[in-house]
Amino acid sequence: MRSGRRLTLGLVVAAMLLGSQGQALAGNKPAYRYPWLPVKARVADLLSRMSLDDKLGQMMQAERLGIKAPGDVAKAKLGSLLSGGSSQPTPNTTQAWADMYDNFQREALSTPLGIPLIYGVDAVHGHNGLYGATVYPHNIGLGATRNPALAKKIGRATAEEVSATGIDWDFAPCLCVSRNDRWGRTYESFGEVPELATSMSTIIDGLQGRSLSQPASVMATAKHYIGDGGTTGGVNEGNTQISEQELRKIHLPPFRAAVERGVGSVMVSYSSWNDVKLHANSYLINNVLKGELGFKGIVISDYNGVDKIDGKTGFTPEEVSASVNAGIDMIMVPFEYQKFIDTLRGEVQNGHVSQARIDDANRRILTKKFELGLFEHPLTDRKYMSTVGSKEHRDLAREAVRESQVLLKNDNNVLPLDKSRNKIFVAGKTADDLGNQTGGWTVGWQGASGPVTTGTTILQGIKQTAKPSSTVTYSKDGTGIDHSYDVAVAVVGETPYAETKGDRPASMGLDQTDLATLQKLHDSGVPTVVVLVSGRPLDIAQQLPQWDGLIESWLPGTEGQGVADVLFGAYNPTGKLPVTWMRSADQQPINVGDGKPALFPFGYGLSYRHGH
Ligand code: GLC
């Protein structure tokens, strides 16, 4: 370090030691304002200047929709905001997001200490809340690629698009290990064994870069700690009733990997472990995550997660102290943040929550804010705007789609399709439906059928690939099929859902619309290839014999051309099942190694014979 710097550092340290009157020695800025001071020292200096209410405000993450008037952020001294799954600015454009972020940030910076906000979103398969962003296959499809390097690239591309809107915190990846396909969040899992989530946690390196202060790096979140994918019956937010040995064997390894990768935050699961809510589980958060795994980042609650501890709406002083004492550092308290601050203040003043716990939470939060460079660069870095939905990112997404497709059946080599001399009949409710192929968490929390964003449908991909010498006919319900066609392609499956709305406690089969379409095609005698767009395996054993070909497409996202690439053999399928495929729904849960007879085993996936 140059001597001049050494002198200044000495003065600054002296200033810290002498307190505010020493400031004059080091210029007119408090020590935490010096970017070249060690983060630890900056945190210590800032913490020493904070009142209890400053500290309580830092621990609150409010929903953007909970900010009722300009000034609310500054008045409550909020440390963080989020946009939940359906909380987007109007218009839903990159510019509007960036302006929104910057306006909130300027308000936070106007407070006496000027501590910048950190803002979180669920960019779980691209910046999916932003209209026009690149949307990648959901995690279950990425699990089928078995390609950690691809996951890392997707993380980096996602971080660029998220940064273009100012946002600095991504509530991803979900490192859940989905053990029951009835679970509505199966598609958010990389697969049914911990090794898949562990290996694909490279997405964290893409999101966070070599360091959080690097341009376009965003803080990642390992979620949901712990055991969310192992609940009895696959009930979302349910009860994981397994031994500690099994919990550690199946659900802990991905979080260990994430901590070793330096993940900046961990989100607590709504679910319970043997009847104890994770949001009040001090052993698993304090002892295991923070103690044994040595996690030094931010533990954040889930959305209203503290409210749900006692199963009743609203939070009580007991729930507030239980969650903070369990090790939760930041509370995602979307609307009642002032009430939470007032309640927590009371719990500190009556000794139920120690000042040391409040300070520990603040050190964790402030450390990440300094590491992200938010004190130096608090506003949107608008040079990344051109990356949103860019060709480079869409090409990456297309590659991910290709590698995620799993070929499960190919009788008489019906696939790959001939793109030249071919009469192709395309049917199915999802053939020309971007919303169905992107699934939940796309522009809206639950997603929706129809043109929810921009991209290429599977039908458009087929039309763009077939030569003019071929004929491609589309009929959503299959009307018009006749034996003059060489092949029929039926794109069917699930319509979008997220979380509990996606739980399937009863039937796991195709819906009546799809069954009717498929029956028409079968009755015509035309060889039929089924492309199944779903967030999980479905109960299709009964219909399978009527199909000549079957590709599981998962939820491929905006780049449907990648599916056409596999259909026409531009890419020879390499995807492998990340989950065991049931013979019938009553086998659930069914997982590799449990001895149950599967329709298709974990790891199964065909390729085209050479010469095609
Ligand atoms: C949701 C989900 C969680 C998400 C959070 C914020 O309920 O459980 O995965 O990150 O709320 O949207």
Give me the 1.4 Å probe accessible area per residue for the range 361-482, excluding ligands and nucleic acids, in Å². 39
With +1 on the Cβ of every Lys and Arg and -1 on the Cβ of every Asp and Glu, and nothing else charged, how large is the dipole of the range 82-386 about its Cα centre, in debye rounded to the nearest 20? 620
Scalar couplings 3J(HN,Hα) for the range 597-603 by Karplus 6.51 cos²θ - 1.76 cosθ + 1.60 (θ = phi - 60°), nearest whole Hz, x for Gly and Pro, are x, 8, 6, 9, x, 3, x
Might you tell me the accessible area per residue for the range 528-612, computed with a 1.4 Å probe and given in Å²? 33
How big is D, in µm² s⁻¹, for the range 72-203 by Stokes-Einstein at 4 °C and 1.567 mPa s if Rh is the Kirkwood radius over C-alpha pairs? 81
What is the Cα convex hull volume of the range 503-574 when expressed per residue in Å³? 119
How large is the dipole of the chain about the Cα centre if only Lys and Arg carry +1 and Asp and Glu carry -1, each at its Cβ, rounded to the nearest 20 debye? 1860
Taking amide H positions as placed in the peptide plane 1.01 Å from N, state which residues far from SER470 in sequence (5 or more) or on other chains have amide H under 5 Å from it. ASN422
For the chain, what does the equivalent ellipsoid look like in terms of its semi-axes, each the square root of 5 times an eigenvalue of the Cα gyration tensor, given largest first in whole Å? 47, 26, 20
In whole Hz and in residue order, list the ³J(HN,Hα) couplings for the range 421-433 that follow from phi through the Karplus curve 6.51 cos²θ - 1.76 cosθ + 1.60, θ = phi - 60°; x for Gly and Pro. 8, 7, 9, 10, 10, 10, 9, x, 5, 9, 4, 10, 9
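Give the whole-number value, in cubic angstrom per residue, of the convex hull volume spanned by the C-alpha atoms of the range 558-600.
Once divided by residue count, the hull of the range 558-600 is 110 Å³.
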HN-Hα J in Hz across the range 340-356 - Karplus 6.51, -1.76, 1.60, θ = phi - 60°, x for Gly and Pro: 5, 4, 5, 5, 5, 4, x, 5, 6, 5, 8, x, 6, 10, 7, 4, 4
Can you tell which of SER272, ASN325, PRO253 lies farthest toward the positive end of the dipole of the range 238-390, using +1 and -1 charges on the Cβ of basic and acidic side chains (Lys, Arg; Asp, Glu)? PRO253
Given Cα pairs under 8 Å that are at least 6 residues apart, what percent is the relative contact order of the chain? 16
Calculate how steeply helix 3-18 sits against the longest principal axis of the alpha-carbon atoms of the chain, using the helix alpha-carbon long axis, and give the answer as 0 to 90 degrees to the nearest 10. 70
Determine how large the accessible area of MET267 is when every protein chain is in place; take a 1.4 Å probe and give Å² rounded to the nearest 10. 10
Just how large is the dipole of the range 405-587 about the Cα centre, in debye to the nearest 20, putting +1 at every Lys and Arg Cβ and -1 at every Asp and Glu Cβ? 320
Listed by chain and number, the residues whose amide H is under 5 Å from that of TYR34, excluding neighbours fewer than 5 places away on the same chain and using placed H, are none
Tell me which trypsin sites (Lys or Arg not before Pro) from the range 27-101 have a DSSP coil assignment and no more than 12 other beta carbons within 10 Å of their own. LYS68
Per-selection Kirkwood Rh - the range 264-324 (Cα, Å, 1 d.p.): 11.8
Among beta bridges assigned by DSSP with both residues in the chain, the antiparallel ones amount in percent, to the nearest 5, to 15
So how exposed is TYR384, as accessible area in Å² (1.4 Å probe, rounded to 10)? 30
Any trypsin sites (Lys or Arg not before Pro) in the range 223-332 that lie in a DSSP loop and have at most 12 other Cβ atoms within 10 Å would be LYS312
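Please report, as a whole percent, how much of the solvent-accessible surface of the range 87-179 comes from carbon and sulfur atoms (probe radius 1.4 Å).
Values: 1210 of 2170 Å².
Looking at the range 87-179 in its full context, I get 56 percent from C and S.
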Taking square-rooted eigenvalues a ≥ b ≥ c of the alpha carbon gyration tensor, is the range 82-386 rounded, prolate or oblate, where a/c under 1.5 means rounded and, failing that, a/b exceeding b/c means prolate? oblate
Angle check, please: helix 391-404 long axis (alpha carbons) against the longest principal axis of the chain (alpha carbons), in degrees 0 to 90, nearest 10. 60
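May I ask you to give the percent of accessible area on the range 405-587 that is carbon plus sulfur, with a probe radius of 1.4 Å? Walk me through the numbers on the way to the answer.
Details: 3020 of 6090 Å².
Heavy-atom surface of the range 405-587 belonging to carbon and sulfur, 1.4 Å probe: 50 percent.
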In Å², what does the accessible area per residue of the range 58-118 work out to with a 1.4 Å probe? 35
Selection of trypsin sites (Lys or Arg not before Pro), the range 342-438, meeting DSSP coil and at most 16 other Cβ within 10 Å: ARG421
Please state the Cα pair-distance histogram of the range 405-587 with 5 angstrom bins from zero: what percent is in each bin? 1, 9, 18, 22, 22, 16, 8, 3, 1, 0
So, in the range 308-391, how many Lys pairs have Cα atoms under 22 Å apart, if the pair is 8 or more places apart or on different chains? 4
Helix 94-109: angle to the longest alpha-carbon principal axis of the chain, degrees 0 to 90, nearest 10? 20
Identify, among THR186, TYR101, ASN422, the residue whose Cα sits farthest towards the positive end of the charge dipole of the chain, taking +1 on the Cβ of Lys and Arg and -1 on the Cβ of Asp and Glu, with the dipole about the Cα centre. TYR101
Largest first and in whole Å, what are the equivalent-ellipsoid semi-axes of the range 531-612 based on the Cα gyration tensor, each being the root of 5 times an eigenvalue? 24, 14, 13
Amide proton proximity set for GLY264, modelled H, under 5 Å, gap of 5+: ALA220
Over 22 Å between alpha carbons, listed pairs LYS467/LYS520; LYS576/LYS596; LYS153/LYS576: LYS467/LYS520
Would you mind pulling out the separation of the Cα centroids of the range 536-586 and the range 343-407, in Å? 34
Cα coordinate range in the range 29-132, projected on the principal axes (Å, largest first): 42, 29, 20
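The values are calculated or read from the model by the stated rules, or taken from the named source; none is laboratory data. Given the structure is predicted, the values throughout are model-derived calculations rather than measurements. Don't worry about glycine lacking a Cβ; one is built from the backbone with ideal geometry, like all the others, and counts go over all protein chains shown. To get the accessible areas, we keep the full protein, side chains included, count just its heavy atoms, and leave off ligands, DNA and RNA. Shrake-Rupley method; radii C 1.70, N 1.55, O 1.52, S 1.80 Å.
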